[in-house]
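The values are calculated or read from the model by the stated rules, or taken from the named source; none is laboratory data. Keep in mind that what you see is a predicted model, and the values were worked out from it rather than measured. Here the Cβ is made from the backbone with ideal geometry for all residues, glycine too, and neighbour counts use every protein chain on show.
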Amino acid sequence: MSLYRKRRSPFWHYDFWWRGYRFHGSTKCTTRREAKKVEAVERERAKRHVAQIAAARTSLRLDDVAGRYWIEIGQHHAGSINTEHDLSLLIECPHLGPDKLITDIIGDDVAKLVAWRRGHRSLLTPYKLLSPHTVNHTTEQLRKLFTRAKLWGVRFEHEPRWRDYMLKVPDERVREVSEHEAALLATGDDYEPLIAFARASGLRLAECLLRWDEVDWSARQIVKRGKGDRIVTVPITSELREILWPLRGQHPVFVFTYVPQRVPNETRRPITYAGVQMYWRSLRKRTGIVGLRFHDLRHDFGTKLLRETGNLKLVQKAMNHRDIKTTLRYAHVLDHEVRDGMERAAKSRARSRTFKIVR
């Protein structure tokens, strides 16, 4: 028995029973041979853990990994607020927790994380459960921690097969703005230029919140950071110039601003992301517009541009899509061209049959 007691380490301990040993209160060993096997397995596991820490030069606790990820990458994301929220969810999850070693996370843990998130409700609409897209965001954040940890030298023996735990997301709808809705969007208040700019540029909401140093009048283009920290370039067309030019001088830094109605004689304040969301919900309620999201202004831009040009590559460039598969969601607007082409092919075949008969 003294032999086993000398082999104690901070990673394990043995409890002496009448007929053997019990490891951590879970594995009962009835013989010394079994005790040695358990000890050998745990020694090997501890060695791997120490080697992982040495290779990564950091703690493998989920809390520490998330903290290092935040310092190196997360805080620099365009959507850093969302990244911070997703990281905190991983730490708060009862099936993971701050002390969980990232190398110990297996597929079963990911499945429990997904089930836990599916039980949450939306903050904007508390009566609705989270969408599969939102749940996948949390799972994808955990996957990013694994990817980053590999760059630190961490090696995973049982990395989850991530695609097995991604929920099926319905195809994103493509919604156009009708003429009636376009008339209702001409509100005449401080938010109207922003709405008009979104429709004319096709930029995402976060990309629409311009600063004046991003507007280059001499080069006639707008250059700023967009989704995925990619550079987005938008030419200043005559329509965009008519929207932006009158806004000069209203604010030294930000392009789109508003005057608070509840604070008299207040200077202009920049329009924020959250402010647009609150305004949009109020606008829909006030005008009776149903089922139109602010992001649908971008879909409206892509749909109309493809209908006018018929050029998918051009639309991909204008909308800053990384993959043309994303642009293909707008391909339905070319159905009339497919129909016209089929009609021309049918007429061609008819002429060929007539020519053979006459001959």
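The residue of region 252-284 that is surrounded by the fewest Cβ atoms within 10 Å (Cβ to Cβ), among those that are outside any loop (DSSP other than H, G, I, E, B) and of a type in the set (D, E, K, R), is Arg281. Among the candidates Thr139, Thr147, the residue that is exposed (fewer than 15 other Cβ atoms within 10 Å of the Cβ) and either in the same structural domain as Tyr273 (by TED's automatic domain parsing) or under 22 Å from Asp229 (Cβ atoms) (or both) is uniquely Thr147. Just the residues that are farther than 15 Å from Leu60 by Cβ, touching a residue at least 12 places away in the same chain (Cβ under 8 Å) and not acidic (Asp, Glu), please, taken from region 140-168. Within region 140-168, Gln141, Arg143, Lys144, Pro160, Arg161, Trp162, Tyr165, Met166, Leu167, Lys168 meet the criteria. Is it the case that region 211-230 has a residue that's without any contact (Cβ under 8 Å) to a residue 60 or more places away in the chain, surrounded by fewer than 19 Cβ atoms within 10 Å (Cβ to Cβ) and at positive phi? Checked against the condition, which is being without any contact (Cβ under 8 Å) to a residue 60 or more places away in the chain, surrounded by fewer than 19 Cβ atoms within 10 Å (Cβ to Cβ) and at positive phi, region 211-230 yields at least one hit. Among the residues examined, Ala318 qualifies as touching a residue at least 60 places away in the same chain (Cβ under 8 Å), out of contact with any strand residue (DSSP E or B) (no Cβ under 6 Å at 6 or more places or on another chain) and among the hydrophobic types (A, V, I, L, M, F, W, C). Among all positions in region 174-185, there is at least one residue which is under 20 Å from the mean Cα position of the chain (by Cα) and at pLDDT below 90. Residues in region 306-341 that are of a type in the set (A, V, I, L, M), buried (at least 18 other Cβ atoms within 10 Å of the Cβ) and not in a loop (DSSP other than H, G, I, E, B): Leu306, Val315, Ala318, Val333. The set of residues in region 90-129 being of a type in the set (S, T, N, Q) and outside any loop (DSSP other than H, G, I, E, B) consists of Thr103 alone.
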